[in-house]
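Here is the structure we will look at, set down as structure tokens.
Bear in mind these aren't lab numbers, they're just calculated from the coordinates by the rules spelled out. Since the structure is predicted, the reported quantities are computational estimates derived from the model, not experimental observations. Cβ placement follows ideal geometry from the backbone for every residue including glycine, while neighbour counts extend to all protein chains displayed.
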Amino acid sequence: MPNPPVPIERKRALGNPGKRALPKVSETAVVVPISDAPEHLGEGGLAAWHQITRTAPWIGASDQGLLVSLCEKIDRRDKMVEQMANDQFVIVTDKGYPVANPLVGMLSTIETDIVKMMSLLGLTPTDRTRLGIAEVKAQSTLEKLRALKDAK
């Protein structure tokens with residue numbers, strides 16, 4: 001699998017190791033803030049909207065459609081989880097055969113979709129690293145110090 005492209009900001013911070021021409025800062029896109037949350041979102045989707053827009057400043061107006069879809073899926077997931085609390089994981093057909101509740105598969109599918117959409121928006125640790133927004137470390141300095149203290 002090829003390495004993901006290095007974000008321009010990271011190339012600048014590293015001193016442009018590839019020595020290829022980078023666009024001027026004045027030519028790069030500016031993130032336009034997202035408008036208010038759509039009124040049709042439910043409690044879970046609205047909470048996700050506010051959390052994401054508050055903690056992910058790289059998400060702009062061009063991402064709004066994807067963010068709305070993500071929040072709608074979160075609302076749907078909440079409804080499915082609520083329904084599953086009232087249902088069984090295995091149901092019996094009218095012929096008497098036990099089968100998996102279709103909601104189990106639907107819930108699994110929507111959760112996969114949510115993670116994919118979060119990834120597209122740079123909301124997972126790995127994707128933030130690819131965007132140059134965060135760096136994933138195997139062990140933080142604090143964890144190393146604690147491990148050294150515990151080893152004594």
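Over what distance in Å are the Cα centres of segment 31-69 and segment 85-131 separated?
22 Å
Please give the length that would be gained between THR129 and SER35 if that part of the chain were fully extended, namely 0.36 nm times their separation in residues minus their C-alpha to C-alpha distance (nm, one decimal).
31.2 nm
Can you give the convex hull volume of the alpha carbon atoms of segment 45-152 per residue, in Å³? The partial results should precede the final answer.
On the way: hull volume 19.1 nm³, N = 108.
Spelled out: Cα convex hull of segment 45-152, divided by residues, is 177 Å³.
Most exposed first by the Cβ proxy, i.e. fewest other Cβ within 10 Å, how do ARG146, ARG20 rank?
With the fewest neighbours first, ARG146, ARG20 line up as ARG20, ARG146.
Taking the Cα centre of segment 43-121 as origin, sum charge times position over the Cβ atoms of Lys and Arg (+1) and Asp and Glu (-1), and report the length of that vector in debye to the nearest 20.
So the magnitude is around 140 debye.
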